[in-house]
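The values are calculated or read from the model by the stated rules, or taken from the named source; none is laboratory data. Nothing here was measured: the structure is a model prediction, and the numbers come from that model. Cβ placement follows ideal geometry from the backbone for every residue including glycine, while neighbour counts extend to all protein chains displayed. We work out accessible area using only protein heavy atoms, side chains counted, and drop any ligands, DNA or RNA first. Shrake-Rupley method; radii C 1.70, N 1.55, O 1.52, S 1.80 Å.
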Amino acid sequence: MIGIDFGTSNTAVATASGEVLRIDHGDALFRTVLFYPEDSPETLAGSEAIERYQDDNAGRFIQSMKTWLPSQSFTRTQLRERTLSLEELIAVFLRKVGEAVKQQGHTTEAVVLGRPARFSTDPKVDAFAEARLLKAAQLAGFGAVRFLIEPIAAALAYEASLKRDEVVLVADFGAGTSDLTVMRLGPRHRAQPDRSGDVIASGGVYVGGDRFDAAIMKQKLFPHFGAGSTYLPALGAKRMTMPTYVSSRLLSWNEMSLIREKKTRELIDLMLRSSDRKPAIEALHDLVMYNLGFRLYRAIEAAKVRLSTSTKTTLDFEEERISIHETITRAEFETASAHLIDELEACTDEVLSRVPAGLRVDSVFLTGGSSHVPAVRRLFARKFGEERLRTADAFTSVVEGLGRAAPMNFAAS
Ligand SMILES: Nc1ncnc2c1ncn2[C@@H]1O[C@H](COP(=O)(O)OP(=O)(O)OP(=O)(O)O)[C@@H](O)[C@H]1O
Ligand SMILES: [Mg+2]
């Protein structure tokens, strides 16, 4: 029996005792990415995919697969000569995870698989997304599969440390989503096989690390790629400002490749000839045509991570005709991402409004990679007081809880 946390950016595996396996060359976090090199038949996953893709830009690099689960529009993608459904694509990834699990002497016969509290607010879409994930797990050759929502899993990991019963707000801030759950935890509740009765309220919002990265892109890097520049649409015509939809596509790594479509390509050619800020358009051209978006986002993410401990950092990126040396202060980052903190606060208030009056939240357990963002922590310190905040390893509490939940889940059936 094992637990698997299939995350938007990181996947992890733990045993029933809560031990986290080192499934990626000694590392506990297996990056949720695939790479199909152009000139070889193999498929790479995790750190191997990242390393190879960084040496060799040719080929297809696939990330954030999880975010497509609720999307009805993503059905198939062309990879080499094959057309793969999303389920098949995720199965390719999960099979790689399964192979790593077997190498550690465990099996995928009985798996508790995490899922967000909400794939969608529409119950039909939510069920559709979960069914797709189940299909992927089956295609990957997993045996029995049970689902557990990620914040409950994180709660179970935290519960293992509790000496007395508490009402806890568990908040998991990942790469794609933030999930919140208010739950009764503690020694008296621990042994129950079904914990759904202990959940007092829960909710989620699409605020996560990916959007914090996009905020840096928009605030600090847009001008490097021609936002606000002007060009001549035709000889003798009036100058026009670069359409905002072009830079909007830079906000999501997945959409950046759409700029390579014919229509925008022609626009870029036009701007290359007549822009008032030619170097910026050249940078935009190279970013999308040479497929440098992933590397740029890695640099942005690294700068964001540094800003969690420093109040100022420099983002350096030199590739082709792109030359960025941008100082970013934490204050600037916080201004750029203030709307995300507002969204988190609104979601938190909404969840708390469903907690019966008179019930006090004893503690707040913050987890997930984005819980390191200082403004996220500050939001909860302001609402609950620093003394009520608790933390553990932000990257492994969900998977630890999934593992710990396995014996109860499989005994109950
Ligand atoms: N020190 C840090 N400061 C700020 N953000 C961080 C830090 N470390 C990691 N992150 C961010 O945390 C995110 C990854 O966290 P995590 O592994 O919890 O997400 P996930 O489980 O893959 O996603 P999800 O739960 O949404 O499916 C990334 O967006 C990453 O940039
Ligand atoms: Mg997660």
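Go through the range 151-202 residue by residue and tally those that are among the polar types (S, T, N, Q) and within 16 Å of ligand 1 (Cβ to nearest atom). Total satisfying the criteria: 4.
Inspect the range 147-164 for any residue being open to solvent by 20 Å² or more (accessible area, probe 1.4 Å), part of a loop (DSSP other than H, G, I, E, B) and either within 16 Å of ligand 2 (Cβ to nearest atom) or within 23 Å of Arg31 (Cα to Cα) (or both) and give the result as yes or no. No, that holds for no residue.
Could you please let me know if Glu42 is part of a loop (DSSP other than H, G, I, E, B) and acidic (Asp, Glu)? For Glu42, the condition - part of a loop (DSSP other than H, G, I, E, B) and acidic (Asp, Glu) - is met.
Filtering the range 268-281 to residues that are in contact with a Pro (Cβ under 8 Å, 6 or more places away or on another chain) and buried (at least 17 other Cβ atoms within 10 Å of the Cβ) leaves only Ala280. Annotation note: of Phe395, Phe317, the sole residue that is open to solvent by 50 Å² or more (accessible area, probe 1.4 Å) and not in a helix (DSSP H, G or I) is Phe395. I'd like to check something: does the range 111-123 contain any residue that is modelled with pLDDT of 95 or more and more than 16 Å from ligand 2 (Cβ to nearest atom)? There is at least one residue in the range 111-123 that is modelled with pLDDT of 95 or more and more than 16 Å from ligand 2 (Cβ to nearest atom).
Taking the criterion of being in contact with an Asp or Glu (Cβ under 7 Å, 6 or more places away or on another chain) and either assigned to a helix (DSSP H, G or I) or within 16 Å of ligand 2 (Cβ to nearest atom) (or both), the only residue of the range 137-146 that qualifies is Leu139.
For the range 245-254, indicate whether the set of residues that are loosely packed, with under 13 Cβ neighbours inside 10 Å, part of a helix (DSSP H, G or I) and outside the structural domain of Glu334 (by TED's automatic domain parsing) is non-empty. Yes, the range 245-254 contains a residue that is loosely packed, with under 13 Cβ neighbours inside 10 Å, part of a helix (DSSP H, G or I) and outside the structural domain of Glu334 (by TED's automatic domain parsing). Selection of the range 123-138 for residues being under 19 Å from Gly203 (Cα atoms) and not small (Gly, Ala, Ser) yields Pro123, Lys124, Val125, Asp126, Phe128, Glu130. Within the range 172-179, does at least one residue satisfy the condition of being away from ligand 2 (no atom under 12 Å from the Cβ) and open to solvent by 20 Å² or more (accessible area, probe 1.4 Å)? Among the residues of the range 172-179, not one is away from ligand 2 (no atom under 12 Å from the Cβ) and open to solvent by 20 Å² or more (accessible area, probe 1.4 Å), which makes the answer no. Within the range 228-253, take every residue that is without any contact (Cβ under 8 Å) to a residue 40 or more places away in the chain and aliphatic (A, V, I, L, M) and give me the one that is nearest to Phe173 (Cα to Cα). Going through the qualifying residues, I end up with Leu251. If the condition is being part of a loop (DSSP other than H, G, I, E, B) and either surrounded by fewer than 23 Cβ atoms within 10 Å (Cβ to Cβ) or touching a Pro at 6+ places or on another chain (Cβ under 6 Å) (or both), then the range 195-215 contributes Arg195, Tyr206. Evaluate the range 295-313: report whether one residue or more is farther than 19 Å from Ser370 by Cβ and open to solvent by 80 Å² or more (accessible area, probe 1.4 Å). There is at least one residue in the range 295-313 that is farther than 19 Å from Ser370 by Cβ and open to solvent by 80 Å² or more (accessible area, probe 1.4 Å). In a helix (DSSP H, G or I) and without any contact (Cβ under 8 Å) to a residue 40 or more places away in the chain - does that describe any residue in the range 287-294? For the range 287-294, residues in a helix (DSSP H, G or I) and without any contact (Cβ under 8 Å) to a residue 40 or more places away in the chain: present. Restricted to the range 119-136, and to residues there that are assigned to a helix (DSSP H, G or I) and more than 16 Å from ligand 1 (Cβ to nearest atom), the residue that is farthest from Arg354 (Cα to Cα) is Lys135.
The residue pairs whose first member lies in the range 110-125 and is open to solvent by less than 70 Å² (accessible area, probe 1.4 Å), whose second member is part of a loop (DSSP other than H, G, I, E, B) and among the aromatic types (Phe, Trp, Tyr), and whose beta carbons are closer than 9 Å, counting only pairs six or more residues apart or on different chains, are Ala110/Phe142; Val111/Phe142; Leu113/Phe142; Val125/Phe119.
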